[in-house]
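Shown next, in structure tokens, is the structure this report addresses.
Read-outs throughout are calculated quantities, based only on the coordinates presented, and are distinct from any laboratory measurement. Here the structure is a predicted model, which is why all the values come from computation and not from measurement. Backbone-built Cβ (ideal geometry, glycine too); neighbour counts: all protein chains shown.
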Amino acid sequence: MSALTDEKPLLRTDNLTKWYGRRLGCRDVGFDLYEGEVMAVVGESGSGKSTLLQLLSAQIEPSGGRILYRLRDGSEADIWQMSEPMRRFLFRADWGYVHQDAQLGLRMGISAGGNVGERLMAVGWRNYGAIRTCAVDWLARVEIDQERIDDTPRTYSGGMRQRLQIARNLVTAPRLIFMDEPTGGLDVSVQARLLDLLRRLVADLNIAAIVVTHDLAVARLLSNRIMVMKAGEVIETGLTDQVLDDPREPYTQLLISSILPA
Amino acid sequence: MQPLELSGVAKTFTMHLQGSLRLPVLRSLGFSVAPGQCVALTGPSGAGKSSILKLIFGNYRCDEGSIMVRDGDGAVDIARASPRQILSLRRRKLGYVTQFLRAVPRVGALDTVADALTDVPRETARAQAAAMLARFNVPERLWNLPPATFSGGEQQRINLARGFLPETPVLLLDEPTASLDACNRDVVVDLVCERKRQGVAIVAIVHDDPVREAIADTSIDVTRFAAAA
């Protein structure tokens with residue numbers, strides 16, 4: 001039909017399920033994600049969206065189902081069938097993870113340049129000059145003044161920390177990035193700047209991304225596709241503008257009608 | 001087949017928060033648009049004209065029937081296509097001039113327009129965006145400013161420049177001349193006539209009678225397809 005049919009997904013999941021003892025984290029989640037696609041996962045607290053993000057990024061092991069990831073050589077690997085070092089390598093080099101709390105994603109005691117450089121060293125960069133040049137370049141791309149490169153993130157504002165975390169994640173040119181409420185807890189003006197930055201970087205680098213957010217405006221701005229979760233299950237999926245403008249499920253309609261107009 | 005063919009399209013909204021109230025909007029809707037043809041949708045407010053454009057664009061989900069958009073030697077049915085297929089089709093085949101601009105914070109007018117072109121180098125996109133802004137008489141001093149603070153008329157012209165920029169074989173127009181001055185209305189009419197000569201298939205909602213007469217080859221009264229409530 002079109003050129004799309006022969007392209008293969010970057011990430012595939014089916015029946016992904018997580019139980020915490022007898023309590024359900026999430027159940028039977030299945031989707032395909034292609035290169036350059038940004039998918040938002042929305043739902044209220046406790047809907048299972050954070051569990052899902054931790055599952056997808058291999059930070060917790062699923063109780064059932066599988067996650068298949070297409071490696072750079074084109075082969076597809078089951079995340080939980082590969083060796084632990086291999087999984088760690090993926091997490092360091094091929095994936096990024098942006099935490100809501102920048103302190104979890106940064107090393108607060110080392111300089112901003114060091115935070116960016118560390119990721120490069122983890123994928124084998126050794127030349128100090130090259131690492132520094134690359135770090136300076138990335139700090140500029142996330143709009144951090146070069147003069148602040150030797151300061152630790154402790155001296156940074158919340159918005160700067162979040163931008164530094166993004167630089168640290170993107171410097172290794174990952175193919176897939178996970179974001180957990182990336183703009184949560186930031187002032188609106190800081191949020192707008194961060195969103196604009198994320199939107200541009202994700203598009204320029206053709207990265208696939210999975211963004212967990214409870215903010216539907218963030219979902220509309222960043223994502224092409226959306227998945228609505230409730231009580232651990234996916235209740236509605238589709239194009240972002242389709243789900244937001246023509247929501248089908250009662251819960252999705254409630255979520256959308258609950259937004260206060262600005 | 002034609003660039004765009006609708007048949008047996010039906011759409012009902014179910015409002016779960018209002019006791020699962022069902023609002024039937026359209027039923028048995030069918031028409032096709034030939035290359036270079038402009039079809040105007042007419043009917044009173046609330047008859048479902050904008051809903052038809054949203055169904056074609058894949059913004060509203062289609063309950064029944066098919067919405068075929070020609071793609072190469074085949075066609076894609078928007079009513080059944082995956083999100084990925086719809087996005088690809090929008091990028092290559094389906095243009096949509098919406099009624100209002102959805103401005104992104106911090107993004108300047110020129111980039112807002114250039115963002116509509118995704119498959120060309122950035123500098124080319126910006127150059128074409130600049131030409132289109134000039135065509136809609138948007139003063140150059142505004143180009144680098146985010147449109148959120150612009151007047152309604154200025155925002156509308158930015159939106160028109162953005163909507164008309166991609167040269168897609170199917171083009172949907174939702175009130176493109178509402179609240180425009182005569183001079184910019186002529187720009188819209190000229191652009192639409194240009195696209196028709198290039199073989200673009202157009203579906204338009206136009207309340208302004210002289211504009212409709214200038215661009216439309218045929219009119220469809222959508223009340224014919226109104227679903228009985």
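Structure above, values below:
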read-out: At R0 = 25 Å, FRET efficiency that the Cβ-Cβ distance of B:Ser82 and B:Glu167 yields, to 0.05; value: 0.50
read-out: The range B:4-225, relative contact order in percent, only Cα pairs under 8 angstrom and at least six apart counted; value: 29 percent
read-out: In the protein assembly as shown, lysine pairs closer than 14 Å at Cα, eight or more apart or cross-chain; value: 4
read-out: Globularity index of chain A, i.e. its alpha-carbon radius of gyration over 2.2 N^0.38 Å; value: 1.01
read-out: CD proxy at 222 nm, helix term only [per DSSP H run n ≥ 4: -39500 (n - 2.57); per residue of chain A; nearest 500]; value: -10500 deg cm²/dmol
read-out: Rounded tilt (10° steps) of A:128-141 against the dominant C-alpha axis of chain A; value: 50 degrees
read-out: Antiparallel bridges, percent of DSSP beta bridges restricted to the protein assembly as shown (to nearest 5); value: 55 percent
read-out: Computed FRET value (nearest 0.05) for A:Arg66 with A:Glu233, which takes r as the C-beta separation and R₀ as 22 Å; value: 0.80
read-out: Solution diffusion estimate, µm²/s, Stokes-Einstein, the protein assembly as shown, Kirkwood Rh from C-alpha pairs, 10 °C, viscosity 1.306 mPa s; value: 65 µm²/s
read-out: Whole-Hz couplings from phi, Karplus 6.51/-1.76/1.60, listed for the range A:119-124; x for Gly and Pro; value: 5, 5, 5, 5, 9, x
read-out: Rounded, prolate or oblate (a/c below 1.5 giving rounded, otherwise prolate when a/b exceeds b/c) for the range B:177-222 by Cα gyration tensor; value: oblate
read-out: Overall Cα dimensions of the range B:1-78 - principal axes, largest extent first, Å; value: 45, 26, 19
read-out: Rounded to 5, percent antiparallel among DSSP beta bridges of chain A; value: 55 percent
read-out: Under Karplus coefficients 6.51, -1.76 and 1.60, residue-wise ³J(HN,Hα) of the range A:236-250 in Hz, glycine/proline x; value: 7, 9, x, 4, 4, 5, 5, 5, 6, 8, 9, x, 9, 7, x
read-out: Residue-span extension gain [B:Met1 to B:Val120] - 0.36 nm each, minus C-alpha spacing; value: 40.0 nm
read-out: Selection of GluC sites (Glu not before Pro), the range B:150-229, meeting DSSP coil and at most 13 other Cβ within 10 Å; value: B:Glu167
read-out: Residues with amide H under 5 Å from that of A:Gly25, placed H, sequence gap 5 or more; value: A:Lys18, A:Trp19, A:Tyr20
read-out: B:Asp186 paired with A:Leu24, simple spin-label distance in nm, labels 7 Å along Cα-to-beta-carbon; value: 6.5 nm
read-out: 5 angstrom amide H check on B:Asp221, placed H, neighbours 5+ away; value: B:Thr42
read-out: Long-range amide H partners of B:Val97 with built H, under 5 Å; value: B:Leu172, B:Leu173, B:Asp174
read-out: Convex hull per residue volume in Å³, alpha carbons only, for chain B; value: 138 Å³
read-out: Table column - 3J(HN,Hα) (Hz), the range B:185-195, Karplus curve with 6.51, -1.76, 1.60, x for Gly and Pro; value: 5, 5, 4, 4, 4, 4, 4, 5, 5, 4, 4
read-out: Mean ellipticity per residue at 222 nm, deg cm²/dmol - from DSSP H runs of n ≥ 4 across chain B, formula -39500 (n - 2.57); value: -10000 deg cm²/dmol
read-out: FRET efficiency estimate (nearest 0.05) - Cβ-Cβ, B:Arg106 to A:Arg132, R0 35 angstrom; value: 0.75
